[in-house]
Every structure is written in C-alpha cells, then in structure tokens.
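The values are calculated or read from the model by the stated rules, or taken from the named source; none is laboratory data. Quick caveat, the model's predicted, so the values are computed rather than measured. Cβ atoms come from the backbone with ideal geometry, glycine included; neighbour counts cover every protein chain shown.
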Amino acid sequence: MSPEDGSNLLESDAASVSFKETELTLGLPGESRGLALVEKTSGKRGFLETVDLNLGRSSNVASDHNKYSGESEADVPNMAKPPAAKAQVVGWPPVRAYRKNAMKGCKYVKVAVDGAPYLRKVDLEMHNSYQQLLNALQDMFSCSSFTIRNYLNERTVMNQDVNNGVEYVPIYEDKDGDWMMLGDVPWKMFVESCKRLRLMKSSEATGFAPRTPSKCSSSN
Amino acid sequence: MITNKKPRSSDSDSIYMRDDRTEMSVDDDRSPSPNSITHDSSPTRTYNTGSGPGPGPGSSSVPEYLAPYPDQVLENVLENVLWFLTSRKDRNAASLVCRSWYRVEALTRSDLFIGNCYAVSPKRATSRFTRIRSVTLKGRPRFADFNLMPPNWGAHFAPWVSAMAMTYPWLEKVHLKRMSVTDDDLALLAESFLGFKELVLVCCDGFGTSGLAIVASRCRQLKVLDLIESEVSDDEVDWISYFPDTGTCLESLSFDCVECPIDFDALERLVANSPSLMKLRLNRHVSIGQLHRLMVQAPHLTHLGTGSFSPSEDVAQGEQGPDYVSAFAACKSIVCLSGFREIIPDYLPAINPVCANLTSLNFSYANVSAEHLKPIICNCHNLQIFWVLDSICDEGLQAVAATCKELRELRVFPFDAREDIEGPVSEVGLQAVSEGCRKLQSILYFCQRMTNAAVVAMSKNCPDLVVFRLCIMGRQRPDHVTGEPMDEGFGAIVMNCKKLTRLAVSGLLTDRAFAYIGKYGKIVRTLSVAFAGDSDMGLKYVLEGCPRLQKLEIRDSPFGDAALLSGLHHYYNMRFLWMSACKLSHQGCQQIAQALPRLVVEVIKHEDTLDMDEYVDTLYMYRSLEGSRDDVPRFVSIL
C-alpha cells in the first residue's frame, strides 16, 4: 500500500465510503474460517481519526490464542486487540513524550501567493481538514484583502464581496509534480502527497476548471 | 524457603561497577556520535608521586613525621601503578585484594560511576573516593520516561552537588541521566568547581534557561555543554549571550532539546569566539538560513545538529537563497549529522557532499519518504549509526540495506505511535536490513507487524548483535503470517546471537519465549518485557536462567508473588527490578523486603487506585547500602 495509489482515485468519487472500498481491506487472520464479528477496516495511516470505527471482535478469540494458527492472507495485518478497553494504554508504545511532541509538527510545505514577495510555510499536520487549512491560510495572509475560492462548498470562505478583493485559487503540487486543485482527494491523502502550495490568482486559473458540486469531496 | 542472604562487602563495589563493557553505555539514547569518541572517561590523572601534595583532601603534608612502614613503599608503587587503571571492573577487583589495595584504589580513582543514585549516599561515596574528577549519576528507572511513574519521584541532584561541592573542588565533569536538576544546583556547580569542563544532562528536568545562563557565564573552562532530550523550562533568559565575549574553550555545544528560541546573533558571536568548537547541535528555532551562516563560520565542525532545516518565514519568493550545497561541501570534517527538526524535503539534497564521510546520521525527527531518502542514503557508504522514522517505509530500509554495509546501529522510530494502524514498516524491512547489514550490533525497531521468520533471519545474519529491541506496537500481536506467537523469533535471537546483552521483547509471547531466554540468554544484562507471558513460569525461567541479569523491567504481564520469590538468590546482583501492572501482592513484596534487608523495595501507588486493591501498581526495587531514602514522596511506600 503506497500513497501513490491515491492518484488513481482522482477520477472516482472520492467520498470516504468509496475510498474505503478501494483500499486494501484488512481482516483478522482466520477470517476465512468464519470467525464471527470480524470487522473490515481500512487502515491507511492516520485515517482512523474517526473514533467510531468498530475494531471489536469476539472476545473469546482474545483468550484463545491457538485460534491464530492457520493461514491468512499474506499481507493482512493482524488487528487483534486484547480484550481490555480499546483506549490507548499509558506509556505504550514506549515512545518518549519529547519525541511524540516533536512529531506533532512535521509536515511543512511552502506556500507561495502570487504577487506576495515572501514565501510562507505551513504545517499540514496541524490541520485536520481543508476548511481548517484554508482558514489558516486566510489568517496568514490577512493583510491582503483577498478571498480564496472554496470549491468544497461552492461558496467563498470569508469575504463575500468579491469585487473588492482579489480572488485566489488554492492549488498544490503533488508527488508526481502535477498541480492539482485542493479538495479532490481525502484530506489525509492530500497531506501525504502535497509538496507545496500556491495561491494562484483566479484570473490565471484557466487550466483548472471548477469541479462540479457532485464531484466535490465530502470528506472532512 | 527463604534464605536470609547477607551481602558481601564486595557488593558495595558492584554499585560502582559499570555494567557495560563499551565506553558508551548501550542504553544511552543520545543522538548518535561515532563510536570512537565518547563523552566519558576523562583520562586518569598521572602524578609523579602517589602521596605527593595532590589536589583535594589527600595525603599532603603530614603534621608529624611517621617512619614509613615496610608496606608504605609498596603502597606508593601501587598508587603509581593504579593511576593507569581505567576500567571500573578492574578497579573494583583491585579494591578487593586487601585493605591496602582498597585504600590505594580509592585514592587513585578519578571517574565515579553510580548507576543508581539511591544505591549509595553522597556522603559514603565522597568519603571513600576523595580524588574524583568525573561523576556519572543515573536516577529514575527508564520506564519513568513513558509516564509510568508519577512526577517528583526523586533522583535529585541537590544532595550530590552539595556533597561534592565540599569534597571535590577539582571536579571537572558531571554526567547525569534521568535526574532532577534545579537551577540552584547548577548555580552551586558553577560556583564550586573552578576547573569545571563538562556538563552532560540526558533526560533530565527541573532546570531552566536561567540555570544554563549561570553555567555559561561562570564556568570559564567549560568545554562541553550537552543537553540531550532534557526538559528545559523557558525562563526567558537569553542564556547563549551569557557565554563570555572574550572567547570560550567550547568543544561541544548541544541544545537541540531546548524548546525556547535563542538569540541568533549571540549564537553567531559565540561560534565565532569558540575556535575549538567541533560539535554543535542546534535547536529547531534555528532556520536553515541561520545554519548556513554558522557553517560558513565554522567549517571545521565534526558533529552538526542542523536545527529546523527549513527556512524561517521571511524568505523572499523566487530568491535563490544561500548555496547550501557549497556550505556542506566546505565542511569536510563532518562525520555526524542530526537535527532536521522541521525539514522541508526540498532541502535534503544539500547534505550530499558530506554523505560519503558520514558515520552517524539521525533522521529520527525528519518526516521523509523513501523517495526522499534514496538519493541521499545511496552515498552513505560509511554509515555506522542511523536513526530514522518509519516514514521511509520498508522501501527506504531496503535502500539502507543496499548501501550501508558498515551499519552497526539502526533505530527506526514510529512517526505515528498508535497501536491500531497499518504501519509503514514490517518484517520486509527487518529482513532486508538483516541481509544487507551483516555487521549490525544494535537495533531498535518499531513496527505494527512482524514475522518470526524475519526475526530468525536476523538472528542468523547478524551474529554480532549486542542489542535487540523489537517493539511490535499492537499489544500481543502474533506473527501476522502464521498467527503463531513470536516465541520462536525471540528464541532464535537469544540462541544465535552469542554476544547479546540487551533484549526488549514484544508481540504475542507465551512462557516458552521466556524459557528460551532463560536457557540461552546467559549474558543478557538488560531485559524489557511488556504484555507478555502466560504464568509465573515465564518470570521464573528468566530469574533462574540469566545469571548476568542486571536490569529487568516488566509491565502488564501476569507474573505474581511466586515468580518474584524465585529470584531471591539474585536480587543483590541486580541494579533494579521494575514490575508494574503485574500480579504482585503487598504480602509478596513484603516477603522480599524481609528476606533481603539491603534491598529497597518501593511500592508506587497510582492516583486512582484504592488501598484495598489486590495487586500492587508498581514495584521498583534496588540494592542499596543506605536503606530507605529520605526523600520519599507520599505515593511511594518503602517496605
């Protein structure tokens, strides 16, 4: 499973449900033997922000380790959890708080704004959604009066008065070097593939046709 | 049957014994440095006459004439000879020969190593050893790093620095690990030791930038100031500017863990004023542009911690920026690189000119992918130490295996340290490393899934392994291909790796794994266990089978009183035993305390547990010459 798979999803409906379907599905080993209550989950790193994912399995499996003998698919990770609460355990995995904290701010990309003299940088890991990112960008360049076209919801983010400000279109360069519109892929996938951001003046955005509402991502 | 074991007097010497054979402690989690250069062992002093007027309260002018007794001559000779003895093991052995040798060894020892600060009191240590130049102290147990111990447990530097201030005026070096150090302690240190040269604080806390400022300004002979993974509070003091303007003797300055911004101009001046500076490790508040300026000023650096490795906010668009590649090319002596705290991968190729010379590379804070890594790592033919994030995936590890044939130490940290996610590295990466890096001695590997086959392969491909630490982050995960427990893999490690002294196990493990460890792990000194084992037998196998076991830390495993009692014959030979969330009762711990009077048995209670609870939260016990310590917090009871 490599993030590059994500680019193939651009043509399909990128709603979270279909994203799940295109991901490798993971199940417990021995699933083929018909263990009850096996839940398929998608396991892309970080995708499991949604706490409601049911990772449960029948409790008798946990106590009876012998059931784990038998074949399973080659790269099916074991989703076994101990019968105890699914909450995270104190001090596990054993990574020092210092290191965990250092990882919190860890995906910096440059942000270029057409017409502005200085580059900025933004940490994508600090945000959980396109909306948050756009808000942050708006704050960052708040001295200029402009709006960012928000294709996600088909309405502008802040300044309704388009005539007074300059409208910008947010685009990003992905791993393959292509410039893409924001919002086409699920947030987490975007974070992994984004190399740099650019706020391009709408007037120059000829190659980037606005997406129709039906194709907008509804994730996050 | 409980035997009433009284420790021999030689046990007091074992407290001063360094357990590790290598100069640099293997459980040192510092940023990597080449093996040949350590922070340790200042050269032992050589004096022309043993009993001459040496520094400190020694044997200088005698008030009245005493005819030298026949052995005096021999003692003088011995003193001259023993100065040259550096190994602690040898020194401890020498001190046991007879009273005279004991005395002379104590006079000639200059490096004091205390692996557990509560095993001996400052008074006792400073009374016996009077000419110490270098002190190494270790405090909290390692599991405290993972929030398994409430704060303020202890390990205070204060009583030590007070005692040493009076007895070791010539102290030059202090190395602390997991101790609580206050600004006052640092002030006392700076005032008391005029020739002070080296301060190394690893995983310490309790002090701030004001303490650092005092050290910077008062310690005029300071050569080394290394702060490694320590918590430094921001007192809003510009400590860097407190170094003297007239110049410093600094050879090493590491402050990558200091989270406060620093005044860059002051830092630039400091670097300009420190002609001996070889090692500089910056914090993440230093931008790549600022790094460039420092590199241009100090191209002779051997160890460089690169700070954020990304530009600060105000970089003009379209501007070329400084020529980072040239700056690295000019630094022909760099052998160790670290930092990259906020890396923008575009800048990574700048380090290419130094790759061929690198022996140590720490990318463990750099969120880089395999494709970022590959063009860099393919030039690192001489790399011996590599710390990295699992963001490089199995593919990245394969690239490492393909090039780094000299690799001795590998640490793969998790970018996302949670249990129930897929994870980017697996047995594929481990297998590749085992096949490519045959000289591997030490590995720490975090992953979500693993197979016995890969672990067995490593046990066979890497016979030089001394340290094997595998952390399968999902608790009790079996081999994900066969569904079997991970017993066979770890069994192969202890069986095939004849030099193995440190082991950390994880995944689904039955008592069988511990049977293997007990049977084959004859030189294992440190063992770390979590969520493993089926019954008391597991722990019994280890306590009965591993004669060299020094440090045993166990959490969340079903070992109870019977298992604990089976180790009575051995606990005086250990530095400590930690057991948390196991099945120990108060009575069981009490029995140990009664049977072994020289053992300090601490029961640590967590906030939310009731007194009536069946099992003890945490047992932490260690041998000590002093009995109960006098700084016990309310959540600790000593049995």
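Consider the stretch B:615-639 and keep the residues that are of a type in the set (S, T, N, Q) and in a strand (DSSP E or B). The one that is surrounded by the most Cβ atoms within 10 Å (Cβ to Cβ) is B:618. Do we have any residue at all in the stretch B:260-280 that's outside any loop (DSSP other than H, G, I, E, B) and in contact with a Pro (Cβ under 6 Å, 6 or more places away or on another chain)? Within the stretch B:260-280, not a single residue is outside any loop (DSSP other than H, G, I, E, B) and in contact with a Pro (Cβ under 6 Å, 6 or more places away or on another chain).
Which residue out of B:337, B:291, B:348, B:304 is of a type in the set (A, V, I, L, M), farther than 20 Å from residue B:444 by Cα and assigned to a strand (DSSP E or B)?
Working: B:337 fails: farther than 20 Å from residue B:444 by Cα; B:291 fails: assigned to a strand (DSSP E or B); B:348 fails: assigned to a strand (DSSP E or B).
Residue meeting the stated conditions: B:304.
For residue A:135, the criteria (1) closer than 19 Å to residue A:171 by Cα; (2) at the interface with another protein chain (Cβ under 7 Å from one of its Cβ atoms); (3) free of Cβ contacts under 8 Å to residues at least 60 places away in the same chain hold in every case but one, which is (2).
Taking the stretch B:206-233 as the range and being under 13 Å from residue B:182 (Cα atoms) and assigned to a loop (DSSP other than H, G, I, E, B) as the test, the residues that pass are B:206, B:230, B:231.
Can you name every residue in the stretch B:491-520 that is more than 22 Å from the chain's Cα centre (by Cα) and in a loop (DSSP other than H, G, I, E, B)?
At the first step, the residues of the stretch B:491-520 found to be more than 22 Å from the chain's Cα centre (by Cα) are B:491-498, B:507-520.
Residues satisfying the conditions are B:497, B:498, B:507, B:508, B:509, B:510.
Looking only at the stretch A:140-196, residues that are at pLDDT 60 or above and not in a loop (DSSP other than H, G, I, E, B) come to 20 in all. Filtering the stretch B:589-614 to residues that are assigned to a loop (DSSP other than H, G, I, E, B) and of a type in the set (S, T, N, Q) leaves only B:609. A Cβ distance below 6 Å, combined with a sequence gap of six or more or placement on separate chains, defines the contacts here; from the stretch B:370-390, residues that are more than 22 Å from residue B:303 (Cα to Cα) and within 14 Å of another protein chain (Cβ to nearest Cβ) reach residues that are surrounded by fewer than 20 Cβ atoms within 10 Å (Cβ to Cβ) and hydrophobic (A, V, I, L, M, F, W, C) in the pairs B:372/B:348.
Within the stretch A:103-125, track down each residue that is within 20 Å of the chain's Cα centre (by Cα), without any contact (Cβ under 8 Å) to a residue 40 or more places away in the chain, facing another protein chain (nearest Cβ under 7 Å) and more than 17 Å from residue A:138 (Cβ to Cβ).
Start the filter on the stretch A:103-125 by keeping residues that are within 20 Å of the chain's Cα centre (by Cα), which leaves A:103-111, A:121-125.
Cutting the leftovers down to without any contact (Cβ under 8 Å) to a residue 40 or more places away in the chain gives us A:103-106, A:108, A:121, A:123.
Subset that is facing another protein chain (nearest Cβ under 7 Å): A:103, A:105-106, A:108, A:121.
Those that are within 20 Å of the chain's Cα centre (by Cα), without any contact (Cβ under 8 Å) to a residue 40 or more places away in the chain, facing another protein chain (nearest Cβ under 7 Å) and more than 17 Å from residue A:138 (Cβ to Cβ): A:103, A:105, A:106, A:108.
Sub-7 Å Cβ pairs linking a first residue in the stretch B:96-118 that is under 25 Å from residue B:74 (Cα atoms) to a second residue that is of a type in the set (Asp, Glu) and at pLDDT below 90, at least 6 apart or interchain, are B:96/B:13; B:100/B:71; B:100/B:75; B:104/B:75; B:104/B:79; B:107/B:79; B:108/B:79, ordered by first then second residue. Of all residues in the stretch B:476-486, those being surrounded by fewer than 24 Cβ atoms within 10 Å (Cβ to Cβ) and either β-branched (Val, Ile, Thr) or more than 10 Å from chain A (Cβ to nearest Cβ) (or both) number 2.
The set of residues in the stretch B:227-242 that are touching a Gly at 6+ places or on another chain (Cβ under 8 Å) and of a type in the set (Ser, Thr, Tyr) contains only B:233. Among residues of the stretch B:145-171 that are within 14 Å of chain A (Cβ to nearest Cβ), those with a beta-carbon under 9 Å from a residue that is surrounded by fewer than 17 Cβ atoms within 10 Å (Cβ to Cβ) and assigned to a helix (DSSP H, G or I) at least six positions away or on a different chain give the pairs B:145/A:97; B:145/A:98; B:146/A:97; B:147/A:97. So for the stretch B:528-545 (the condition being under 26 Å from the mean Cα position of the chain (by Cα), within 14 Å of another protein chain (Cβ to nearest Cβ), polar (S, T, N, Q) and surrounded by fewer than 23 Cβ atoms within 10 Å (Cβ to Cβ)), does at least one residue qualify? Scanning the stretch B:528-545, I find at least one residue that is under 26 Å from the mean Cα position of the chain (by Cα), within 14 Å of another protein chain (Cβ to nearest Cβ), polar (S, T, N, Q) and surrounded by fewer than 23 Cβ atoms within 10 Å (Cβ to Cβ), so the answer is yes.
Looking at B:328, B:413, just one residue is of a type outside the set (Gly, Ala, Ser), without any contact (Cβ under 8 Å) to a residue 60 or more places away in the chain and within 24 Å of residue B:271 (Cα to Cα), and that residue is B:328. Of the set (1) aromatic (Phe, Trp, Tyr); (2) under 21 Å from residue B:240 (Cα atoms); (3) surrounded by fewer than 21 Cβ atoms within 10 Å (Cβ to Cβ), all apply to residue B:207 but (3).
If you go through the stretch B:546-570 and pick out every residue that is in a helix (DSSP H, G or I) and crowded, with 23+ Cβ neighbours inside 10 Å, you end up with 2.
When the stretch A:93-102 is filtered for residues that are assigned to a loop (DSSP other than H, G, I, E, B) and more than 7 Å from chain B (Cβ to nearest Cβ), nothing remains.
Just checking, does the stretch B:426-440 include any residue being among the charged types (D, E, K, R), in contact with a Phe, Trp or Tyr (Cβ under 8 Å, 6 or more places away or on another chain), surrounded by 19 or more Cβ atoms within 10 Å (Cβ to Cβ) and within 14 Å of chain A (Cβ to nearest Cβ)? No: zero hits. Residues of the stretch B:222-236 that are within 21 Å of the chain's Cα centre (by Cα) and more than 14 Å from chain A (Cβ to nearest Cβ): B:223, B:224, B:225, B:226.
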